[in-house]
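Right, one structure below, let's go through it.
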Amino acid sequence: MTSPLLWASLVPWDLMFSTQGIMIGLLAAYAGALWLFLSSTPKVHTVLVSDLAQAQIFYERVLGLAAADVPLNYYYNTEQGLAGLGYDGALGIAPPSQMGRDRLQDGLWYRLKRKTQLHVVAGANPGDRQRLRQVSFDRDGLQQILSRIQAQGLPFKLKRQLPLLFLVKDWEGQVIEFEELEV
């Protein structure tokens, strides 16, 4: 068995307390803190909706999702950047002029799983035949919503598997369209 004194004599103390040693120690501490921060943040799925108020009723009352806090690692203005690209029509995203400047910052946050959140933001074009429309570039997020719909026993119709497209009726008979967008 070795003594702590033997271990202390093997440590290059002059190197550890040099400028380079202190910088390496600080970088290692920063890397460890960053790893802890990033490993504790939830995965976020974003869905753009045509009517934010109706989406809130659907996610809270019909699906029973609990509200969640905005994750610390989330950077604002991502939806604004997406809308500012001028996508509309074929991709189902409303032009910024139809979204309204104050609506760009709005959003609802829900907990889907332990480390998974759903971010619901305004910005989808209204659907055909007075349907509420919800679109996403994230297939995994839509599949988790579909699983929640199935668990709640809501009537739904899978119209297309790739890209994912399904319709669901809420308890009031309102048809909501969910569509995966491909870029």
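The values are calculated or read from the model by the stated rules, or taken from the named source; none is laboratory data. What you are looking at is a predicted structure, and each value in this text was computed from that prediction instead of being measured. For neighbour counting, all protein chains shown are included, and Cβ atoms are generated from backbone atoms with ideal geometry for every residue, glycine included. Protein only, heavy atoms only, side chains kept; ligands, DNA and RNA dropped before computing areas. Shrake-Rupley method; radii C 1.70, N 1.55, O 1.52, S 1.80 Å.
Take residue 142 and decide whether it is closer than 21 Å to residue 62 by Cα and under 20 Å from the mean Cα position of the chain (by Cα). So that I can check it myself, show each step before the final result.
Details: closer than 21 Å to residue 62 by Cα: yes; under 20 Å from the mean Cα position of the chain (by Cα): yes.
Against the criterion (closer than 21 Å to residue 62 by Cα and under 20 Å from the mean Cα position of the chain (by Cα)), residue 142 qualifies.
Within the range 145-168, take every residue that is farther than 22 Å from residue 56 by Cβ and out of contact with any strand residue (DSSP E or B) (no Cβ under 7 Å at 6 or more places or on another chain) and give me the one that is most open to solvent (accessible area, probe 1.4 Å).
Taking the range 145-168 and keeping what is farther than 22 Å from residue 56 by Cβ, we get 157-165.
Then keep just the ones that are out of contact with any strand residue (DSSP E or B) (no Cβ under 7 Å at 6 or more places or on another chain); that gives 160-162.
Numbers: 160: 87, 161: 99, 162: 128 Å².
Ranking the qualifying residues of the range 145-168, first place goes to 162.
Of the numbered conditions (1) farther than 30 Å from residue 114 by Cβ; (2) of a type in the set (Gly, Ala, Ser); (3) modelled with pLDDT of 85 or more, residue 66 satisfies every one except a single condition; which is it?
(1)
Considering only residues that are closer than 20 Å to residue 112 by Cα and assigned to a loop (DSSP other than H, G, I, E, B), which ones fall in the range 40-50?
Of all residues in the range 40-50, those closer than 20 Å to residue 112 by Cα come to 40-49.
Within the range 40-50, 41, 42 meet the criteria.
Is it the case that some residue within the range 97-105 is modelled with pLDDT of 85 or more, open to solvent by 60 Å² or more (accessible area, probe 1.4 Å) and of a type in the set (Ser, Thr, Tyr)?
We begin by selecting, within the range 97-105, every residue modelled with pLDDT of 85 or more; these are none.
Looking through the range 97-105, none of the residues is modelled with pLDDT of 85 or more, open to solvent by 60 Å² or more (accessible area, probe 1.4 Å) and of a type in the set (Ser, Thr, Tyr).
Residues in the range 19-39: is at least one more than 30 Å from residue 173 (Cβ to Cβ) and in a loop (DSSP other than H, G, I, E, B)? Lay out the reasoning, then the answer.
Keep residues of the range 19-39 that are more than 30 Å from residue 173 (Cβ to Cβ), which gives 19-39.
This time we only want the ones that are in a loop (DSSP other than H, G, I, E, B), so: none.
No: zero hits.
Residue by residue through the range 131-144, note down the ones that are open to solvent by 20 Å² or more (accessible area, probe 1.4 Å) and in contact (Cβ under 8 Å) with a residue 24 or more places away in the chain. Walk me through how you get there before you give the answer.
Pass one, the range 131-144, residues open to solvent by 20 Å² or more (accessible area, probe 1.4 Å): 131-133, 137-140, 143-144.
Correct list: 131, 132, 133, 137, 138, 139, 140, 144.
Scan the range 44-70 for residues that are under 12 Å from the mean Cα position of the chain (by Cα) and surrounded by 15 or more Cβ atoms within 10 Å (Cβ to Cβ) and report the count.
6
Take the residues in the range 28-43 that are open to solvent by 40 Å² or more (accessible area, probe 1.4 Å) and of a type outside the set (Gly, Ala, Ser), then tell me which one is nearest to residue 132 (Cα to Cα).
From the range 28-43, those open to solvent by 40 Å² or more (accessible area, probe 1.4 Å) are 28-31, 33-40, 43; that's our starting set.
Still in the running and of a type outside the set (Gly, Ala, Ser): 30, 34-38, 43.
Working: 30: 46, 34: 40, 35: 40, 36: 39, 37: 37, 38: 35, 43: 25 Å.
This residue is 43.
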